[in-house]
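These notes are about the structure you will find just below.
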Amino acid sequence: MTRIVCLCNLVDKKEIETTLKKGAASTNEIQRLTRAGTSCGRCLPEIDRIVQDFTKEKPEEQQKKLNFGF
Ligand code: FES
């Protein structure tokens with residue numbers, strides 16, 4: 001487990017990045033898929049930053065979206 005980003009729901013940075021690699025493309029989707037940021041909301045700015053960094057660095061990954069079946 002890497003550094004915890006969301007203390008309320010014990011979600012670490014690696015889990016968020018893994019979810020992004022699977023096709024999540026927004027903070028909203030991260031919230032829905034990992035529960036990070038769904039309690040006190042204090043971690044939301046950091047989740048935003050991780051999402052933005054990932055989207056900036058790996059735009060090709062965003063085009064390979066997988067279907068989560070929701
Ligand atoms: S620290 Fe993430 S919702 Fe509280």
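Values quoted throughout were computed directly from the atomic coordinates according to the rules given, and no laboratory measurement underlies them. These numbers were taken from a predicted model, which means no experiment stands behind them. Glycine gets a Cβ as well: all are built from the backbone with ideal geometry, and neighbour counts include every protein chain shown.
Data table
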item	result
Ordering of 14-24, 35-45 by burial proxy (mean other Cβ atoms within 10 Å per residue, highest first)	14-24, 35-45
Stokes-Einstein diffusion coefficient of region 4-61, Kirkwood radius over Cα pairs, 25 °C, 0.890 mPa s, in µm²/s	224 µm²/s
For VAL5, distant residues with modelled amide H under 5 Å away	VAL11, ASP12, LYS13
Proximal charge balance of ASP12 [Cβ under 12 Å; K/R count +1, D/E count -1]	0
